[in-house]
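Q: Submitted below is the structure of interest, expressed as structure tokens.
The values are calculated or read from the model by the stated rules, or taken from the named source; none is laboratory data. None of these values were measured; they are calculated from a predicted model. Cβ atoms come from the backbone with ideal geometry, glycine included; neighbour counts cover every protein chain shown.
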Amino acid sequence: MPEQNDVILKVQGLQMRFGKLEVLKGVDTVIRRGEVIVVIGASGAGKSTFLRCLNRLETPTGGDILFEGESVVHAGRNLNHLRQRMGMVFQQFNLFNNLSVLDNITLAPIIVKKMEKAAAQQEAMQLLARVGLQDKAQAFPAQLSGGQRQRIAIVRALAMHPDVMLFDEPTSALDPEMVGEVLDVMQQLAADGMTMVVVSHEMGFARKVANRILFMENGVILEDGSPEDIFDHPASDRLKEFLGKVLH
Amino acid sequence: MELNFSFMTKYWPLFVRGAGTTLVLSVFTVLIGLIVGVVLALMRLGKFKPLSFLSAAYTEFIRGTPLMVQIFFIFYALPQMGFKIPNITGLGFDFPRFASGILAMGLNSAAYVGEIVRAGIQAVDKGQTEAARSLGMTAWQTMRRVVLPQAFKNILPALGNEFVTVIKESSIVMVIGITELMFNTSQVYSSSYRYFESLIVCALVYFVMTFTTSRLLAVMERRMKRDA
């Protein structure tokens, strides 16, 4: 359980509509510093949309998100500053194909945070060493396995020293034998005290690493509780049905 | 009916100089086309609707009117309205004439290159932009550092084809008296009355330029694929 209780993200009445399709129908929750939150639910429940609203890759059509007290939805020019403090890891890795691993990691620290190139590279090498990939610094994304790419994507986000890390199904596009190496890095990150919001279908990871689990269904958070609450004492029939399908 | 190439001993320098002018003309045309084309593509893809409309209108208008009209417009019509390209003396050639030709060709090429660039940008995976923006990069930083380099790589073959097209189409600027290959060829056949032979030589010189260019591009393309 997190020791500090300060709120890092506050989500209020979040709504998202794509044309006629209502994907989020009023999501309310609070994320505290140091919490590791895993969002679970069926496809189309709105998990990814919820996550992508947090750093406004999707602009919500209603409600608000307060990141350390500042509105993300009404951020204006300040949005880029807010995004610097929210790292994001994608299902498809999205490493910059035109840049080497080292340049992938140092690009934003150098051009956004105006870090010295040498200092940024030194830090990138230390981060790469933490995920065991320092020998890949000069490689290009196309030369790496999915698991390697995703570990580097995590390092790229960490190089900005974010206050919170958002993970959008980080292991869904990986071959089964590579899932473990990525989850290990994430678990290490959680142990170091990083605040994390993870959309995932990895129930084992959720149970072991999460402090809190959000079960989303049909655009709302249907249940919110500790892993024991969610996995051992599901309240709703819908969650029981979902767990019955994914936990066999 | 017999072929006689003896005029070549006297006139060959005209073909060489003409080819040189054609190449210089084409390089500048493609440069202007690329720069203006990138601007047109960014305007077209941007969120600001009036600029997007302006870019689309420009592209449609340029592609829907003859290049010859555009060349005459810039060379004859604009000076009439007071828009004169200032002369630069001491260059050894008629600068306003040459510049008018390059400008007209470049602005024409830009309409086509703009569409190539737009397609190239749109072919870059959306995830690349999302990743850059999620790191706090601005839209422009994302475009310059991540999207455009990848788009450029995608469109290099199409840009090469545009260069080949421009080499051939530049023959049209003979109508405003630029002494490029086609113009010089016309000088040769009207002095020597050797139409058939002059045009054969002219065609061969064009072909050598376009074929060499496309072979060079093929090599470059293979090399880039290997490095990727």
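Q: Out of everything in segment A:50-85 that is within 17 Å of A:Val220 (Cα to Cα) and part of a helix (DSSP H, G or I), what residue ends up being nearest to the other protein chains (Cβ to nearest Cβ)?
A: Here the answer is A:Arg52.
Q: When you scan segment A:48-80, how many residues do you find that are in contact with a Pro (Cβ under 7 Å, 6 or more places away or on another chain) and surrounded by fewer than 20 Cβ atoms within 10 Å (Cβ to Cβ)?
A: 1
Q: Suppose we filter B:Glu2, B:Glu60 for residues that are modelled with pLDDT of 95 or more and among the acidic types (Asp, Glu); which single one remains? So that I can check it myself, show each step before the final result.
A: Numbers: B:Glu2 fails: modelled with pLDDT of 95 or more.
Within the list B:Glu2, B:Glu60, the selection yields B:Glu60.
Q: May I pose another question? What's the number of the only condition in (1) closer than 11 Å to A:Val36 by Cα; (2) out of contact with any Lys or Arg (no Cβ under 9 Å at 6 or more places or on another chain); (3) in a loop (DSSP other than H, G, I, E, B) that A:Thr171 fails to meet?
A: Single failed check for A:Thr171: (1).
Q: Continuing with this model, one more query. Of the residues in segment A:174-232, how many are surrounded by fewer than 19 Cβ atoms within 10 Å (Cβ to Cβ) and of a type in the set (Ser, Thr, Tyr)?
A: 1
Q: Also, quick follow-up: Could you say which residue among B:Val188, B:Val173 is in a helix (DSSP H, G or I) and under 21 Å from the mean Cα position of the chain (by Cα)? If you could, list the steps in order and put the result at the bottom.
A: On the way: B:Val188 fails: under 21 Å from the mean Cα position of the chain (by Cα).
Checking each option against the conditions leaves just B:Val173.
Q: Can you tell me how many residues within segment A:92-118 are out of contact with any helix residue (DSSP H, G or I) (no Cβ under 7 Å at 6 or more places or on another chain) and either more than 9 Å from every other protein chain (Cβ to nearest Cβ) or among the aromatic types (Phe, Trp, Tyr) (or both)?
A: 5
Q: In addition: Which one is farthest from the chain's Cα centre (by Cα), of the residues in segment A:32-47 that are in a strand (DSSP E or B) and surrounded by fewer than 23 Cβ atoms within 10 Å (Cβ to Cβ)?
A: Of all residues in segment A:32-47, those in a strand (DSSP E or B) come to A:32, A:36-40.
Now drop any that are not surrounded by fewer than 23 Cβ atoms within 10 Å (Cβ to Cβ), which leaves A:32, A:37.
Working: A:Arg32: 15, A:Ile37: 9 Å.
Among those residues, the one meeting the criterion is A:Arg32.
Q: Would a scan of segment A:121-140 turn up a residue that is out of contact with any helix residue (DSSP H, G or I) (no Cβ under 6 Å at 6 or more places or on another chain) and within 12 Å of chain B (Cβ to nearest Cβ)?
A: yes
Q: Among the candidates B:Arg97, B:Arg133, single out the residue that is in a helix (DSSP H, G or I) and within 12 Å of chain A (Cβ to nearest Cβ).
A: Checking each option against the conditions leaves just B:Arg133.
Q: Oh, and also: Being touching a residue at least 60 places away in the same chain (Cβ under 8 Å) and either under 15 Å from A:Asp184 (Cβ atoms) or surrounded by fewer than 21 Cβ atoms within 10 Å (Cβ to Cβ) (or both) is true for just one of A:Gln126, A:Gln91. Which residue is that? Outline the logic, then answer.
A: Details: A:Gln126 fails: touching a residue at least 60 places away in the same chain (Cβ under 8 Å).
Being touching a residue at least 60 places away in the same chain (Cβ under 8 Å) and either under 15 Å from A:Asp184 (Cβ atoms) or surrounded by fewer than 21 Cβ atoms within 10 Å (Cβ to Cβ) (or both) holds for just one of A:Gln126, A:Gln91, which is A:Gln91.
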